[in-house]
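**Student:** Can you keep this structure in mind? I'll have questions shortly.
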Amino acid sequence: MTVRLRGIQVESLSKSWGNTQAVKDVTFSVESGQFLVLLGPSGCGKSTTLRMIAGLEPVSGGSIHIGGNDVTHAPPARRGLSMVFQSYALFPHLNVAENILFGLKVRKVGRAERDERLKRVADMTGLSELLARKPAQLSGGQRQRVALARAIIAEHPVCLMDEPLSNLDAKLRHEMRVEIRALQQRLGMTVIYVTHDQVEAMSMADKVVLMRHGRIEQQGSPEEMYARPDTVFTATFLGTPPMNLIELADGAGGAVIKGMTDASVVAAGQGDGRLLGVRPEHVVLLDEGGLTARAESADYHGADTVVTALLGSQRINLRVPGRFALEQGAELRLGWRAEDVHFFDFESGRRCEQDALPRVA
Amino acid sequence: MTPLALALRRVPHAVILAVLAFAILGPISNLLLWAFAEQWYFPYKLPVTWGTRYWEVVFRPSGDAMASLGTSVAIACFTVLVCLAVSVPAGYALARLKLPLRALIMLAFLLPQAFPNLPVYINVARIFYSFDLNGTILGVVLVHAVHGLVYSVWITTASFAAIDRSLEEAARGMGAGPLRAFLTVTLPLALPGIMASAIFVFLESLDEFTGTFFVGAPEVTTLPLLLYTASMAGNYQIASITALILLVPSVLFMLVVQRFLRADVLSKVGR
């Protein structure tokens, strides 16, 4: 427990405004030096959760511990954390240096130390040449760096980031992703990072907390969540294109794909009310055998092509390396390995255990 | 298109501009003529004798004009102070806090404008009389402040509302207390709007006549009151010169206000 004390523990956290409950019974913990991503669609309560941890939003129920101290009702300044806002929240009337130094001046850090820390942080974030500029004279990426510099100069062990990259273009977003992750590891910061972008979550996180309708849907390492989603929601939220979900039906000798004329058995046991999940990269083209599908369209990405095919009346995506010469309506033979298949209950959306029959010899 | 046709297309614009210019500048040029006329009587279209004799009368250190100019400016400054003392806290509260009846409060500040001025001021004068406020600078300042609060509260609220709330949150997160966050972040950012509202209040007060007349006269003589007395006495030269003096700060400040009031603030006025 002594190691965990340095991280952040969130216990049964909830938030309601009148009758609407924005966050319900959220419990997770971050270990010191870990990068945790709060992931979810807009309105799922992830930003509210972050704002409660930051102390910007009063807590309706539950508790927050940072470094072993109960900070559930502490003012923001006493929580020993820094925050990066989606809008960057740079002070437009102050220049870059004054923006970065704001917190140190408030906390009456001596001039010599201020200058030294400013120099170090400015070097680290590549802002040394821009210190005298006003935020309005900076590009989006530069503003993002100022916001980051302002957060790390405090040398707080914990940093909260609220969708910090959502205002940047795709190329810059990729660069900053790498940069933020590198900076976090170099400084050993504990980070809680809010985003709706599953790519950011997969590529940056040590741990992902996926939220939906104010609740935690699933949490774990990116690999775990990708490889073994607990629910249909997790299965489809992570990965582009998302996992294929194919409706099953009861057939002779086991579960078959609903609406398929040549009803070959894909799993043992029940089929009605079940979904079969398989990721596009796990669907392979076979020379013979397998399930018969009709090619519908192909989306070329350069390194690979995502082919959409009709399995009976249901769509299925598969990832094929290189370029795929599509012949519309051509017959494709599809297969997958038994261990790459997931089963979910149609009603509850929850994972259920069932034996898949191997489609690839 | 030929150059001639192009020129012809500009004619309507030119005519409209000329009419507009005449409507605005016509009365002022009449003021200018009167200000430099020593003698001007019927049937002459222009002054008979030109000169600056009346300017000397007005600007004589012992003259009424200089004294009432001083009174006017002092009253205007005090009015600005009173309005700011109310509108900065009120504007912040109206912009930031989820107040019940917010719309009603905003409307209350508009109310003095909604009623006809004369009955309002006559009643104010009656009430002030019982408080011994009639004929005092304080009384006049209070009357002007009621008028000025509309501008200052509405514009100040808009300038606070235009500031991104996350700026204050960022300041708080970096360890600043509420007051420090307000003084170092919110207030400097709202300052242009607050300055603009202060200028409006100043100009309103400088020009105000009715309220001053009922509450202040005859002890307190402001420039507009002097102008009124002079023109009632048929002394058009003094009246014109006084009017020109009143015009100077208005024009100067309007140029400044136009720079202070940005679109993002204006779009929030009355929200």
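**Student:** At a threshold of 8 angstrom on Cα-Cα distance, excluding pairs fewer than six apart, so keeping six or more, what relative contact order does chain B reach in percent?
**Tutor:** Worked out over chain B, it gives 26 percent.
**Student:** What 222 nm value per residue comes from the helices of the protein assembly as shown, counting each DSSP H run with n ≥ 4 as -39,500 (n - 2.57) and dividing by all residues, nearest 500 deg cm²/dmol?
**Tutor:** Mean residue ellipticity, 222 nm, calculated: -14500 deg cm²/dmol.
**Student:** Mind putting a number on the dipole of chain A about its Cα centre? Charges go on the C-beta only, +1 for Lys and Arg and -1 for Asp and Glu, and I need it in Debye to the nearest 20.
**Tutor:** Using Cβ point charges on Lys, Arg, Asp and Glu, chain A gives about 1960 debye.
**Student:** Listed highest first by mean packing, meaning other Cβ atoms within 10 Å per residue, what order do B:178-185, B:223-230 come in?
**Tutor:** Most protected by this proxy first, the peptides run B:223-230, B:178-185.
**Student:** What is the distance in Å between the Cα centres of the range B:53-130 and the range A:184-223?
**Tutor:** 57
**Student:** Here's a follow-up. Across the residues of B:186-193, average count of Cβ atoms on other protein chains within 10 Å?
**Tutor:** So the per-residue partner count for this stretch is 1.
**Student:** Do any residues of the range A:49-71 show a loss of at least 30 square angstrom of accessible area between the isolated chain and the full protein assembly, using a 1.4 Å probe, and if so which?
**Tutor:** Flagged in the range A:49-71: A:Leu56.
**Student:** Which percent of the Cα-Cα distances in the protein assembly as shown go past 31 Å?
**Tutor:** Working: 136063 of 199396 pairs.
Beyond 31 Å sits 68 percent of the P(r) for the protein assembly as shown.
**Student:** For the range A:4-231, what's the relative contact order in percent, using C-alpha pairs closer than 8 Å and at least 6 residues apart?
**Tutor:** Result for the range A:4-231 is 30 percent.
**Student:** What distance in nm lies between label points placed 7 Å from Cα along the C-beta direction at A:Ala136 and B:Leu252?
**Tutor:** With each label point 7 Å from Cα toward Cβ, the separation is 2.5 nm.
**Student:** OK, next. Considering only protein heavy atoms and a 1.4 Å probe, what is the carbon-and-sulfur percentage of the accessible area of the protein assembly as shown?
**Tutor:** Exposed carbon and sulfur together represent 60 percent of the surface.
**Student:** Still on this structure, please answer the following. Taking the dipole about the Cα centre of the protein assembly as shown, with the C-beta of Lys and Arg at +1 and of Asp and Glu at -1, give me whichever of B:Leu101, A:Thr72, A:Ser221 is farthest to the positive side.
**Tutor:** B:Leu101
**Student:** Can you give the Kirkwood hydrodynamic radius of chain B from its Cα pairs, in Å with one decimal?
**Tutor:** Answer for chain B: a Kirkwood hydrodynamic radius of 21.7 Å.
**Student:** Using the heavy atoms of the protein chains alone and a 1.4 angstrom probe, what is the accessible area of the protein assembly as shown per residue in square angstrom? If you can, show how the numbers build up before the last one.
**Tutor:** Numbers: 31290 Å² over 632 residues.
With all protein chains present, the protein assembly as shown gives 50 Å² per residue.
**Student:** For the range B:98-202, calculate the relative contact order in percent as a whole number, restricting contacts to Cα pairs under 8 Å that are 6 or more residues apart.
**Tutor:** Over the range B:98-202, the number comes to 30 percent.
**Student:** May I ask you to order A:80-93, A:142-155 by the average number of other C-beta atoms within 10 Å around their residues, highest value first?
**Tutor:** Result, highest mean first: A:142-155, A:80-93.
**Student:** As a test, work out the antiparallel percent of DSSP beta bridges whose residues both lie in the protein assembly as shown, rounded to the nearest 5.
**Tutor:** 75
**Student:** Another question, then. With a ≥ b ≥ c taken as the square roots of the eigenvalues of the C-alpha gyration tensor of the range A:109-168, please select rounded if a/c is under 1.5 and otherwise prolate if a/b is larger than b/c or oblate if it is not?
**Tutor:** It comes out oblate by the Cα gyration axes.
**Student:** Find the sum over both chains of the accessible area lost when A and B are paired, probe 1.4 Å, and report it in Å² to the nearest 100.
**Tutor:** What A and B bury together is about 1500 Å².
**Student:** Also, I was wondering about something else. Select from B:Pro27, B:Leu206, B:Gly216 the residue farthest towards the positive end of the dipole of the protein assembly as shown; place +1 on Cβ of Lys and Arg, -1 on Cβ of Asp and Glu, and compute about the Cα centre.
**Tutor:** Selected residue: B:Gly216.
**Student:** If you don't mind, there's one more thing I want to ask. Nearest 10 degrees, 0 to 90: what angle lies between the long axis of helix A:140-152 and the longest principal axis of chain A (Cα atoms)?
**Tutor:** That works out to roughly 60 degrees.
**Student:** Return the percentage of antiparallel bridges among DSSP beta bridges fully within chain A, rounded to the nearest 5 %.
**Tutor:** Working: 57 of 75 bridges.
Beta bridges within chain A, antiparallel portion: roughly 75 percent.
**Student:** Further, regarding this structure: How big is the charge dipole of the protein assembly as shown about its Cα centre, in debye rounded to the nearest 20, if each Lys and Arg gets +1 on its Cβ and each Asp and Glu gets -1 on its Cβ?
**Tutor:** 1620
**Student:** Ignore the peptide's own chain and count Cβ atoms of other chains within 10 Å of each Cβ in A:79-89; give me the average, rounded.
**Tutor:** Across the residues of A:79-89, the mean count of other-chain Cβ atoms within 10 Å is 4.
**Student:** Which of the lysines could be linked to A:Lys171 by a straight reach, that is with a Cα gap under 27 Å, when you skip same-chain ones fewer than 8 residues away?
**Tutor:** List returned: A:Lys46, A:Lys134, A:Lys207.
**Student:** Which helices count as membrane-span-like in chain B under these terms: full DSSP H, at least 15 Å along the axis by C-alpha, Kyte-Doolittle mean of 0.0 or more?
**Tutor:** Helices passing the filter in chain B: B:3-35, B:64-96, B:102-114, B:117-130, B:137-161, B:187-207, B:236-260.
**Student:** For a label point 7 angstrom out from the Cα of A:Leu357 toward its Cβ, which stretches of the range A:319-341 have the backbone nitrogen within less than 17 Å?
**Tutor:** Label zone hits: A:334-341.
**Student:** I would also like to ask the following. Ignore the peptide's own chain and count Cβ atoms of other chains within 10 Å of each Cβ in B:173-185; give me the average, rounded.
**Tutor:** Other-chain Cβ atoms within 10 Å of each residue's Cβ, averaged: 6.
**Student:** What list of whole percents do you get for P(r) of the range A:240-345, with Cα-Cα distances grouped in 10 Å bins up to the one holding the largest distance?
**Tutor:** Over the range A:240-345, the share of Cα pairs per 10 Å bin runs 16, 50, 28, 6, 0 percent.
The values are calculated or read from the model by the stated rules, or taken from the named source; none is laboratory data. Just so you know, these numbers come straight off a predicted model, no measurement behind them. Cβ: placed from backbone, ideal geometry, glycine included. Neighbour counts: every protein chain shown. Just the protein is used for accessible areas: all its heavy atoms, side chains included, with ligands, DNA and RNA removed. Shrake-Rupley method; radii C 1.70, N 1.55, O 1.52, S 1.80 Å.
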